[in-house]
Amino acid sequence: MDKNKIDALLLGNQRALAQAISLVEDRKPEHRELMREIYPRTGNAHIIGVTGSPGAGKSTLVNGLVREWRRAGDTVAIIAVDPTSPFSGGALLGDRIRMKDHEEDLGVFIRSMGTRGSLGGLSEACQDTVRLMEAAGFDRIVIETVGVGQSELDIMKTADSIALVLYPSGGDVIQAFKAGIMEIADLFIINKSDLPGVEQLKGELEDLIHITSKPNSWDPPVLMTVSTEKSGMVDVIQAMENHHHHLVASGEKRERRRDQKAVEIERRLAERLKEQFIPYIEETLNTKEQNKETQSDDPYDIAEKIYNRWIKNLARSE
Ligand SMILES: Nc1nc2c(ncn2[C@@H]2O[C@H](COP(=O)(O)OP(=O)(O)O)[C@@H](O)[C@H]2O)c(=O)[nH]1
Ligand SMILES: [Mg+2]
């Protein structure tokens, strides 16, 4: 990406931002240079994760929240992650329809992401996309994911504040509990509270929160919304704001981002090392006349021997 494009991105130009995200998604060689250029401009937004099962009303809720944020003058960027959709970049039809209130608004940017290749790649692309959005100056960044697998959990860990959206229907809470989402949620939102069964769900939820809560830390609130009527939006925004203040005041925001950075560095190093080891593994497994060194078929042994051989070669090349 040339200098002018990057400058445009840093000024909040949506076309430049969209192009930059495509570079990141495609893992084009230029993307590293781009990330290096914009990195000093990251770290300022409030990143909000919104998760929950399909049909819980996440997109409708986000649409309602966006309206309130825009009223307050804040700009918002949204990443809609749907593992079932292709990575082609087109907005998901449903999300596009529900976000249509904000289509003409330059203070709102919406991007969809599906899976391509490994799921680990998705959370990486998501993290870099968040950074691009921060560099483009957006105040709030919302990541909407379907709360199912490990990769969605990884994506959620990019967020400062995580909201779990539930609705009155059997088994939903227990599922979230099993998936490990309860532990990482900072806010619980009971959407569709116009439907019957709300009080029961609230009760179940509060019991589970009680079990998973840690002493001396943030007490996750339970909020009720009817997103289709844009009811309860102000309270949700206030709760998110409170959580953000808590994160900043307690130093947890800095800590979380530091931990994320450590994980990312670790991942990049692991990738580099993996590339180094592949030829060794191939060679070992392909060796026809299994000499003494590789006679053992035990993967532990083979790994150990490969490691030792690699270290020896390293020392020799120095
Ligand atoms: N009754 C009711 N329906 C809702 C509410 N919020 C969303 N819905 C409906 O639930 C369906 C799924 O909403 P959507 O936002 O796409 O859910 P998502 O898959 O979690 O993003 C849509 O038909 C919405 O109109 C609500 O508060 N009450
Ligand atoms: Mg949705």
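List of remarks:
- Residue 70 being touching a strand residue (DSSP E or B) at 6+ places or on another chain (Cβ under 8 Å), modelled with pLDDT of 90 or more and open to solvent by 50 Å² or more (accessible area, probe 1.4 Å): yes
- Residue check, residue 228 farther than 17 Å from residue 46 by Cα, out of contact with any strand residue (DSSP E or B) (no Cβ under 8 Å at 6 or more places or on another chain), touching a residue at least 24 places away in the same chain (Cβ under 8 Å) and of a type in the set (Val, Ile, Thr): yes
- The residue that is nearest to ligand 2 (Cβ to nearest atom), among those in the range 129-146 that are surrounded by 23 or more Cβ atoms within 10 Å (Cβ to Cβ) and β-branched (Val, Ile, Thr), is 145.
The values are calculated or read from the model by the stated rules, or taken from the named source; none is laboratory data. It should be emphasised that the depicted structure is a prediction, and the values quoted were computed from it without experimental measurement. Note that we place each Cβ from the backbone using ideal geometry, even for glycine, and neighbour counts take in every protein chain shown. Ligands, DNA and RNA are stripped out before the accessible areas are found, and what is left, the full protein with its side chains, is counted by its heavy atoms. Shrake-Rupley method; radii C 1.70, N 1.55, O 1.52, S 1.80 Å.
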